[in-house]
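Just below is one structure, and these are the notes that go with it.
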Amino acid sequence: MPGSPLLGPAGLCLGHTARRFGRLGDEARALAKSLAARAEADPSDVDGRALDGYDDIRSFLHLW
């Protein structure tokens, strides 16, 4: 649901999962990327924690 307060933390949790286990499925990576893009476009839709989570994913999975 747009604007749900759970969207940002969901992205952050995906980042924590990537850090902890060193991998993440394709669908999870796509979701994290989508949430980060939404957060960047409209912080009232998804808060900035989704950006932090996506940064973690790119860092810990070496996707830079």
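The values are calculated or read from the model by the stated rules, or taken from the named source; none is laboratory data. Just so it is clear, the model here is predicted, and its values are computed rather than measured. We place every Cβ from the backbone using ideal geometry, glycine too, and count neighbours over all the protein chains shown. The area values use the complete protein model at the heavy-atom level, side chains included, leaving out ligands, DNA and RNA. Shrake-Rupley method; radii C 1.70, N 1.55, O 1.52, S 1.80 Å.
Couple of notes before you dig in:
- The ellipsoid equivalent to the alpha-carbon distribution of segment 6-64 has semi-axes of 18, 10, 9 angstrom, derived from the gyration tensor eigenvalues as √(5λ) and listed largest first.
- Per residue of the chain, the DSSP helices (runs of n ≥ 4 H) give a summed -39500 (n - 2.57) that works out to -22000 deg cm²/dmol at 222 nm.
- Around LYS33: net Lys/Arg minus Asp/Glu count, Cβ-Cβ under 13 Å: -2
- Accessible surface, per residue, of the chain when the full set of protein chains is kept, probe 1.4 Å, Å²: 65
- Accessible surface of the chain [probe 1.4 Å, protein heavy atoms]: carbon and sulfur percent: 57
- Neighbour-limited loop hits for trypsin sites (Lys or Arg not before Pro), the chain (at most 16 other Cβ within 10 Å; DSSP other than H, G, I, E, B): ARG23
- Gaussian network model of the chain, Cα within-10 Å springs - most flexible of GLY48, GLY25, GLY11: GLY25
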